[in-house]
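Down below is the structure, laid out as structure tokens.
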Amino acid sequence: MSTANAQPDRRAAAWRRLGLTGCPDFWRLWSVGLVVFVVRWLETVAIGVVVYQRTGSAFLVAMMTMLRLLPMGLFGAFLGAWADRIERRTTLIAVVLMLGATSGILAVLAHAGRLEVWHLALASLVNGLAWATDNPVRRVMIGEVVGADQMGTAMSIDVGANNASRMVGPTVGGLLLAGIGIDGAFALSVLLYLGALVAALRVRYRNTAPAGAGSVLARIAEGLTLVRGDRRLSGTLVVTVVYNVFGWPFTAMVPVIGQDRLGLGPSGIGILASMDGIGAFCGAMLLAVFLTPAWYARTYLGGVTLYMIMLTVFALIPIPAVAAAALMLTGFGGAGFSIMQATLVYLSAPPDMRGRILGVLSVCIGVGPVGFVGLGLLADAIGAHWATAAMGLTGLLVLALTRPLWRAI
């Protein structure tokens, strides 16, 4: 075959991979994830604005997002070991029902004028518990229905949905908050979860627990032993910890910086927050088409580096247009990191231990509350933008210092 003909054939194969033909269950699972992602970002922005307006505390705003991450750190390993022993489709349906019920209760409280900050904190914690199941339940299901050879493409599309939600969710949340109040935001969440429930009920994939599965604690120990002995896995998880302690927490400061430093209102803050998602969505789609396994590690490490640099720029530049452009580039870097994070862990883990190892990944993501607490306290002390810049620069330094631990990736 000539070189001229080979190039179009490669492009056609890439687009066929992107379509994942013959995998209807993947698209059902993708739909569930899309709804959960949209609602997460919609409510994060709406809750952040309301909490800051009521309390004036950047620390409390950071704590709302921190509470969504806390269950990953506390229960991620247990959920991962447990997920290898359960029927995942049933669990997925139960998770969607729990999320919908939580948003429904908040909508009723807000409509009645009885919504308090502690209600939002408790709901954030409950939602975080549901979020902690995503890696060991829904994403393991995705890997099983598409196969290991298409896992990178599937994760690109799934992360693309997450990032598309970061375009839609914050904008819709800001507009609803400005137009009809937070009760409208929660009511929309309930409607979206009903669509996710329909998609989950249509999933045909079933799994069975292995015979003689053993205790949850024993399975956790097996997973941790594997991670310690595999330098690729341990290195990947080290980078995850760096990102979630020093990078990810800055998202909680976007409403604060948008209001105090850039002078934006609720709708403007929602649009600003969506810029990250626009960049991430574009990055995810490009990677879905063009990324090859040879570039997995470089995409992972380059993504987190770009993310840290651009969040620092966002914090320091007081011009809304430039800040928005920096957020778009954080999204581009975050897409590479997020896609490769789950993909590298999934591909490195033995098939019968993937739930457990992805549970350990959830724990590493769940250390993020350390960063949220530190950023919140620092923001109250020196200002949100200076605190955010300090976290980004510190993240770059820690990433460089931990190179001996992740160079094996």
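Structure above, values below:
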| read-out | value |
| --- | --- |
| Dipole magnitude of the chain, debye to nearest 20 (Cβ charges: Lys/Arg +1, Asp/Glu -1, about Cα centre) | 740 debye |
| Three-way shape label, the range 62-158, alpha-carbon gyration tensor, a/c 1.5 | prolate |
| Cut-off 14 Å between beta-carbons: net charge of the residues surrounding residue 177, Lys and Arg +1, Asp and Glu -1 | -1 |
| Where only C-alpha atoms are counted, convex hull volume of the range 329-409 per residue in Å³ | 107 Å³ |
| Taking the C-alpha atoms of the range 236-384, convex hull volume expressed per residue in Å³ | 107 Å³ |
| The range 44-97 - convex hull of the alpha-carbon atoms, volume per residue in Å³ | 83 Å³ |
| Test item: Cα-centred dipole of the range 20-148, Lys/Arg +1 and Asp/Glu -1 on Cβ, debye | 100 debye |
| Kyte-Doolittle at least 0.5, axis length at least 27 Å by Cα - qualifying DSSP helices, the chain | 24-55, 58-83, 88-111, 151-179, 182-201, 266-290, 296-316, 320-348 |
| Contact order relative to length of the range 43-126, as percent, for alpha carbon pairs under 8 angstrom and 6 or more apart | 40 percent |
| Residue among 288, 306, 106 farthest towards the positive dipole end of the chain, charges placed on Cβ | 288 |
| 10 Å Cβ shell holding at most 14 others, DSSP loop, GluC sites (Glu not before Pro): longest site-free stretch of the chain | 117-409 |
| Local electrostatic count at residue 88 - Lys and Arg +1, Asp and Glu -1, tallied over other residues with Cβ under 9 Å | +1 |
| Helix-derived mean residue ellipticity, 222 nm - over the chain, DSSP H n ≥ 4, -39500 (n - 2.57), to 500 | -27000 deg cm²/dmol |
| Expected-Rg normalisation [2.2 N^0.38 Å, Cα atoms] applied to the chain | 0.94 |
| Compactness index (Cα Rg / 2.2 N^0.38 Å), the range 270-327 | 1.27 |
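Since every read-out is calculated from the coordinates, none of them should be taken as a lab result. Since the structure is predicted, the reported quantities are computational estimates derived from the model, not experimental observations. Here the Cβ is made from the backbone with ideal geometry for all residues, glycine too, and neighbour counts use every protein chain on show.
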